[in-house]
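What follows is a short report on a single structure.
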Amino acid sequence: MLTLIMSFGILALSLLLRLAHKLRLTLPLLYAVLVPTIFRSWYLTHPALSAYLFCALLAVVVASWLVSLWRIVSDAIEDRTANSAAIERFAVRVRQARANGESVVSTEGLW
């Protein structure tokens, strides 16, 4: 029974560490674990500074999330704009083909 509980504990810890890695929270997590244990005397003498450092690490993480979100949104807007331009170029080619009496429209160079 103890082996089963330990296995589930290790599995849960593994999942939490993977989640922390995916969310880019590895450095704040390491800081939160190591500073109060290894640097305990410094941590107890400078509580405000240690809290500010932890908040700064979290702010860097949030900033990286915002940069990633900005890149995703700008790429989506760029793709939509490129698709709209390609659709418009294709519509112009279709109109030109109809005006010339052609039944085949070239799709080269649209994307």
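The values are calculated or read from the model by the stated rules, or taken from the named source; none is laboratory data. Computed from a predicted model, the values in this text were never measured in an experiment. With ideal geometry, Cβ positions are generated from the backbone for all residues, glycine too; neighbour counts draw on all protein chains shown.
Against the condition modelled with pLDDT of 90 or more and of a type in the set (S, T, N, Q), how does S103 come out, does it pass?
No: the conditions fail for S103.
Report, ordered by the first and then the second residue, all pairs with beta carbons closer than 7 Å, sequence separation of six or more or different chains, a first member in segment 8-26 that is in contact (Cβ under 8 Å) with a residue 12 or more places away in the chain, and a second member that is in a helix (DSSP H, G or I).
Once the first residue is in contact (Cβ under 8 Å) with a residue 12 or more places away in the chain and sits in segment 8-26, its partners that are in a helix (DSSP H, G or I) give R24/V61; R24/S64; L25/V61.
Could you please let me know if S64 is small (G, A, S) and at pLDDT 95 or above?
Criteria met by S64.
Hey, can you tell me all the residues within segment 93-111 that are assigned to a helix (DSSP H, G or I), surrounded by 10 or more Cβ atoms within 10 Å (Cβ to Cβ) and among the hydrophobic types (A, V, I, L, M, F, W, C)?
V94, A97
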